[in-house]
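Student: Dropping a structure here in structure tokens format, bear with me for questions.
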Amino acid sequence: MCHICRRLGIVLQSTPPEVIQMREKQEELYYRAKAEKQAKLHAQGISLPAPRKRLGGRSLPIKVVVEPAPNHDDSPTFAAFSVPLPELETVPDSEDGYSNSPPTHEPEKHRPKFGIRIYDTTSHATAERASLLARRISELTRRERLGRENFQEDRIEVVAFPLPTSTTADERAAKCVSHNEAERAVRLPMPDPAVAASWYIAEDFESYRCRKILRVIDDLRDSWEEALRNPDDMGGNSAHGHFLQVVYGFDDGYWDSEDEQDEPPREFYCRKYLLEQLGWVLFNF
């Protein structure tokens, strides 16, 4: 365990049996109530659409919620993650009867500790779109991002960080790296370790000699949601958008290795991807 995880109390382990039993009970109550509601509607002559198949073998119903995330400056930042429906507040007037926001009581207990940062650096980036991007990325890339197994849940954070269209890829990367490091410096010393852990920005300890990764959207068309909905529909050039994957935080001695002797030290590397590849790239994190 790294010293940061130790300080924040982050322990990765299997789901405790009592939690599994609680969720199974919640699931049973949820589907019983749903069946009773459907039976009443059927008795009234109201037809319902066929239920969708659940992917990945997960039976407990979930919903993606969105909330504002901390930011050390005025860059709008939103976090999206999945919460089991029975843990959400009921809202009778909503489409599914549940809130779109996390529970208000001890919200830090519901935030996944793996925070993945994505920057929208297009010139027309806004707070409203950052919130929508966070929700849609969390919803639409879940199958590719987490795989079909019950992987550790994550938290998608999107930062509205508009830059001029003329900004080069390296300039975008450098500005986002600087901003992200400033955010890390503010979050880690939060007085309450539980809150600090809930806003932890994950590092990649299995990568090849670098620890930190950012995704930087530099091209986003009006049809961007289609790229997330159809990740297998990839041509040579996306009609929906592109993003950069920026890696930095190299290990000590990285530039002393034989493989890197002929290359001058760099603060970061960046590589361009199609927007359709976002879920796959996040899965590899």
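The values are calculated or read from the model by the stated rules, or taken from the named source; none is laboratory data. The structure displayed is predicted, hence computed values, not measured ones. Note: ideal-geometry Cβ built from the backbone for every residue, glycine included; neighbour counts use all protein chains shown. Surface accessibility is based on the protein's heavy atoms, side chains included, excluding ligands, DNA and RNA. Shrake-Rupley method; radii C 1.70, N 1.55, O 1.52, S 1.80 Å.
Student: With every protein chain left in place, what is the accessible area of residue 280 in Å² (1.4 Å probe, nearest 10)?
Tutor: Ignoring ligands and nucleic acids, residue 280 comes out at about 130 Å².
Student: Please give the peptides 95-104, 123-132, 174-183 ranked by average Cβ packing (other Cβ atoms within 10 Å per residue), highest first, as a rough proxy for protection.
Tutor: In descending order of packing, they fall as 174-183, 123-132, 95-104.
Student: For 154, 73, give me the order by solvent-accessible area with a 1.4 Å probe, most accessible first, ignoring ligands, DNA and RNA.
Tutor: Of 154, 73, the descending order of accessible area is 73, 154.
Student: Suppose R0 equals 35 Å; then what is the FRET efficiency for residue 232 and residue 178 from their Cβ-Cβ distance, rounded to the nearest 0.05? Working shown, then result.
Tutor: Numbers: r = 35 Å, r/R0 = 1.01.
Rounded to the nearest 0.05, the efficiency is 0.50.
Student: Give me P(r) over segment 73-211, computed from all C-alpha to C-alpha distances, binned every 5 Å, as integer percentages.
Tutor: Result, from short to long distances: 2, 9, 15, 19, 22, 17, 10, 5, 2, 0, 0 percent.
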